[in-house]
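Chemist: My questions will all concern the structure given below.
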Amino acid sequence: MTDRIQRYERTNRAFWDDDADDYQAAHRDQLDRLGRWGVWGIPEAELGAVGDLTGLDVLELGCGAAQHSIGVAAPAARRTGLDLSLGQLRHAVTNLDDADLRMPLVCASATATPFRDASFDLVFCDHGAMSFCDPDSAVPEVARITRAGGRFVFNLSTLLRYLCFPPDDPDAPITKKLRTPYFGARAFDWGDGTVDFQIPHGDWIRLFARHGFVVEDLIEIQAPADATSTYTDYAHARWARRWPAEEIWKVRKLA
């Protein structure tokens, strides 16, 4: 495990190591519905976020207990999971054993991975490392380990969702009012355990361009009409029917 992690990552690692057992227990029913994305568990077959992975080298960046690698990335020829939390990776070992699968698991920072340049055809995550790493550090690292023509696909909370939470009360429900400035948004630390990251869309586009990525799509997820979720404190389903609470970026590295 690399020691080249930043201060906020130490905070996040400590949280996830401490919370891993409770998190998996609370959300196992949803996480074990394999091949689905996000808080509402929308099928990959419906979203087409990663598409056909047959024969590709795939990295899940912030894999947690590896449910997404077991489900969404199943057709890949070679799968690898990386996470900063040993607590989460212990659950990944158990899940892979239960599925009778073998997959390398690496405990390291997503901003300083141990992989060689151009190692992967696809780097992806679902509320994984890109939710908890400064994009100015994570995106260039992903660019380094992604092959020319390869893809980077990740789901995370929308900036709009963050802006609608009262900044002085992280346990308060999401509101219909903007509570935090849009311009300059980056790190969100409300004292509830983790430091989260999100930036304006224009900042994302310019950051991708600086590191050789071109945007192919942005999927702004709308909660299904019959939406249910174990993530009851994330956002009300009726809120997420009106405004996107999650978004999936699909970008490709130029040749």
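The values are calculated or read from the model by the stated rules, or taken from the named source; none is laboratory data. Everything numeric here is computed off the predicted structure, so don't read it as measured data. Note that we place each Cβ from the backbone using ideal geometry, even for glycine, and neighbour counts take in every protein chain shown.
Chemist: For segment 12-57, give me the residue count where each residue is under 17 Å from the mean Cα position of the chain (by Cα) and of a type in the set (Ser, Thr, Tyr).
Modeler: The number of residues fulfilling the criteria is 1.
Chemist: Among all residue pairs at least 6 apart or on different chains, which show Cβ distances below 6 Å where the first residue, located in segment 76-91, is in a loop (DSSP other than H, G, I, E, B) and the second is charged (D, E, K, R) and surrounded by 21 or more Cβ atoms within 10 Å (Cβ to Cβ)?
Modeler: Leu84/Arg13; Ser85/Arg13
Chemist: Please verify whether segment 78-98 includes one or more residues that are at pLDDT below 95 and small (Gly, Ala, Ser).
Modeler: No: segment 78-98 contains no residue that is at pLDDT below 95 and small (Gly, Ala, Ser).
Chemist: Which one of the conditions (1) more than 18 Å from the chain's Cα centre (by Cα); (2) surrounded by 20 or more Cβ atoms within 10 Å (Cβ to Cβ); (3) hydroxyl-bearing (Ser, Thr, Tyr) does Thr175 fail to meet, given that it meets all the rest?
Modeler: (2)
Chemist: Does Ala49 meet the test of being touching a helix residue (DSSP H, G or I) at 6+ places or on another chain (Cβ under 6 Å) and either on the phi > 0 side of the Ramachandran plot or surrounded by 18 or more Cβ atoms within 10 Å (Cβ to Cβ) (or both)?
Modeler: Working: touching a helix residue (DSSP H, G or I) at 6+ places or on another chain (Cβ under 6 Å): no; either on the phi > 0 side of the Ramachandran plot or surrounded by 18 or more Cβ atoms within 10 Å (Cβ to Cβ) (or both): yes.
Spelling it out, it is not the case that Ala49 is touching a helix residue (DSSP H, G or I) at 6+ places or on another chain (Cβ under 6 Å) and either on the phi > 0 side of the Ramachandran plot or surrounded by 18 or more Cβ atoms within 10 Å (Cβ to Cβ) (or both).
Chemist: Here's a check for you: in segment 3-37, which residue that is among the basic types (Lys, Arg) and either in contact (Cβ under 8 Å) with a residue 24 or more places away in the chain or not in a helix (DSSP H, G or I) (or both) is nearest to Trp190 (Cα to Cα)? Write out each step before concluding.
Modeler: Looking only at segment 3-37, we keep the residues that are among the basic types (Lys, Arg), and these are 4, 7, 10, 13, 28, 33, 36.
Add one more test, that the residue is either in contact (Cβ under 8 Å) with a residue 24 or more places away in the chain or not in a helix (DSSP H, G or I) (or both), and what stays is 4, 13, 33, 36.
Details: Arg4: 25, Arg13: 16, Arg33: 30, Arg36: 29 Å.
Within segment 3-37, the match that is nearest to Trp190 (Cα to Cα) is Arg13.
Chemist: Then there is this: Across segment 183-195, what is the number of residues that are of a type in the set (Phe, Trp, Tyr), part of a loop (DSSP other than H, G, I, E, B) and either surrounded by 12 or more Cβ atoms within 10 Å (Cβ to Cβ) or under 21 Å from the mean Cα position of the chain (by Cα) (or both)? Explain how you work it out, then say what you get.
Modeler: From segment 183-195, those of a type in the set (Phe, Trp, Tyr) are 183, 188, 190; that's our starting set.
Now restrict to residues that are part of a loop (DSSP other than H, G, I, E, B): 183, 190.
When the remaining residues are screened for being either surrounded by 12 or more Cβ atoms within 10 Å (Cβ to Cβ) or under 21 Å from the mean Cα position of the chain (by Cα) (or both), the result is 190.
Residues flagged as of a type in the set (Phe, Trp, Tyr), part of a loop (DSSP other than H, G, I, E, B) and either surrounded by 12 or more Cβ atoms within 10 Å (Cβ to Cβ) or under 21 Å from the mean Cα position of the chain (by Cα) (or both) within segment 183-195 amount to 1.
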